[in-house]
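J.: Let me begin by handing over the structure; questions about it come next.
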Amino acid sequence: MNNQQTLIAVLIIAYVFSPTLLNWMINPEGSWLRPYIIWFFMIIAAIFVYQPWRKDDQS
């Protein structure tokens, strides 16, 4: 149940901030590193969300 609430919160935040992030990422006057920064944070977030070593059944 906790993962569903987290997923919904992440989707709402992504929906709100995606236009700003997209404009920031594809800005021609910006650094070439910007898309890779966003992908890096997405991978780190996915690692923390999917933790196979975490046991949800134990209290």
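What follows is calculated from the coordinates using simple rules that are stated; it is not laboratory data. All values reported here derive from a predicted model rather than from experimental measurement. Cβ coordinates were reconstructed from backbone atoms using ideal geometry, including for glycine residues, and neighbour counts include every protein chain displayed.
J.: Under a plain spin-label model, where a point goes 7 Å from the Cα along Cα-to-Cβ, how far apart in nm are Arg34 and Ser18?
T.: About 1.8 nm, to one decimal.
J.: Please list, in order along the stretch 6-18, the HN-Hα scalar couplings obtained from phi with the Karplus expression 6.51 cos²θ - 1.76 cosθ + 1.60 (θ = phi - 60°), rounded to whole Hz, x for Gly and Pro.
T.: Karplus-based 3J(HN,Hα) across the stretch 6-18 equals 5, 5, 5, 5, 5, 5, 5, 5, 5, 5, 6, 9, 5 Hz.
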